[in-house]
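Trainee: Here it is, the structure in full.
The values are calculated or read from the model by the stated rules, or taken from the named source; none is laboratory data. Computed from a predicted structure; not experimentally measured. Cβ sites come from the backbone with ideal geometry, for glycine too, and all protein chains shown count toward neighbours.
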Amino acid sequence: MISPGDKAPNFTLPDQDGNKVKLTGLRGQKVVLYFYPKADTPGCTTQAQGVRDRAADYDAAGAVVLGVSRDPVERIAKFADKHSLGFPLLSDADHAVAEAYGVWGEKKNYGRTYMGIIRSAFLVDEEGRVEQAWYKISPADTPTKLKAALGV
């Protein structure tokens, strides 16, 4: 697990339009980075819409928002378009970035055990250090905790 003060693991991932997004390319800006299990499921939709609805607050704080899942580019593109999200969703198909952030782990659902992304969020500062980390965050709490951490 990553703690506040740790250097945020760097990554380069494709967004919903196929553009490469590199964390080091966002230095000088705060980055709101959240991991979600699967595009267009109820919890992930609630979370993404909540983040979308507070976009003005994140903009006011000078923060860039990035959502990350294992979904392929085509699926996140449909999800972003369907819900008019307005921020980049990134495809971590091999879950290497999720592993680097400590959000890849064992999950249980309806008696079934499997590996997947554990819903989590991070605030990365302008120098690339983790300012805040929320593991196992609820979909509804994500936007409000991020807003409070940004002081807006």
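Trainee: Output yes when any residue across region 122-140 is in a strand (DSSP E or B), basic (K, R) and in contact with a Lys or Arg (Cβ under 8 Å, 6 or more places away or on another chain), and no when none is. Steps first, answer last, please.
Mentor: In the first step, residues of region 122-140 are kept if they are in a strand (DSSP E or B); the result is 122-124, 129-135.
Among the residues that remain, those that are also basic (K, R) are: 129.
From the residues that got through so far, the ones that are in contact with a Lys or Arg (Cβ under 8 Å, 6 or more places away or on another chain) too are 129.
Among the residues of region 122-140, at least one is in a strand (DSSP E or B), basic (K, R) and in contact with a Lys or Arg (Cβ under 8 Å, 6 or more places away or on another chain), which makes the answer yes.
Residue by residue, here is whether (1) closer than 18 Å to V130 by Cα; (2) touching a Cys at 6+ places or on another chain (Cβ under 7 Å); (3) among the β-branched types (V, I, T) holds:
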{"site": "A8", "(1), (2), (3)": "yes, no, no"}
{"site": "V31", "(1), (2), (3)": "yes, no, yes"}
{"site": "T41", "(1), (2), (3)": "no, no, yes"}
{"site": "S69", "(1), (2), (3)": "no, no, no"}
{"site": "P72", "(1), (2), (3)": "no, no, no"}
{"site": "S84", "(1), (2), (3)": "no, no, no"}
{"site": "G102", "(1), (2), (3)": "yes, no, no"}
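Trainee: Same structure, new question: Mind listing whichever residues of region 96-126 are modelled with pLDDT of 95 or more and charged (D, E, K, R)?
Mentor: Answer for region 96-126, where residues must be modelled with pLDDT of 95 or more and charged (D, E, K, R): E99, R119, D125, E126.
Trainee: Another question about this same structure. Quick check on this structure: which one of V103, V152, V73, V124 is at negative phi and touching a helix residue (DSSP H, G or I) at 6+ places or on another chain (Cβ under 6 Å)?
Mentor: Numbers: V103 fails: touching a helix residue (DSSP H, G or I) at 6+ places or on another chain (Cβ under 6 Å); V73 fails: touching a helix residue (DSSP H, G or I) at 6+ places or on another chain (Cβ under 6 Å); V124 fails: touching a helix residue (DSSP H, G or I) at 6+ places or on another chain (Cβ under 6 Å).
When all the criteria are applied, what remains is V152.
Trainee: Here's something else I'd like to know. Filter region 31-44 down to residues that are under 22 Å from Y58 (Cα atoms) and within 13 Å of the chain's Cα centre (by Cα) and give me whichever is surrounded by the most Cβ atoms within 10 Å (Cβ to Cβ).
Mentor: Of all residues in region 31-44, those under 22 Å from Y58 (Cα atoms) come to 31-36, 39, 43-44.
Then drop every residue that is not within 13 Å of the chain's Cα centre (by Cα), which leaves 31-36, 39, 44.
Values: V31: 20, V32: 25, L33: 26, Y34: 24, F35: 26, Y36: 29, A39: 24, C44: 21.
So the residue we want is Y36.
Trainee: While we're looking at this one, here's another question. Residues in region 66-107 that are outside any loop (DSSP other than H, G, I, E, B), buried (at least 19 other Cβ atoms within 10 Å of the Cβ) and without any contact (Cβ under 8 Å) to a residue 40 or more places away in the chain: how many?
Mentor: Going residue by residue through region 66-107, those that are outside any loop (DSSP other than H, G, I, E, B) are 66-69, 73-82, 89-91, 96-100, 104-107.
Still in the running and buried (at least 19 other Cβ atoms within 10 Å of the Cβ): 66-69, 76, 79-80, 89-91, 97-98, 104.
In the following step, the residues that additionally are without any contact (Cβ under 8 Å) to a residue 40 or more places away in the chain were identified as 67, 104.
Residues flagged as outside any loop (DSSP other than H, G, I, E, B), buried (at least 19 other Cβ atoms within 10 Å of the Cβ) and without any contact (Cβ under 8 Å) to a residue 40 or more places away in the chain within region 66-107 amount to 2.
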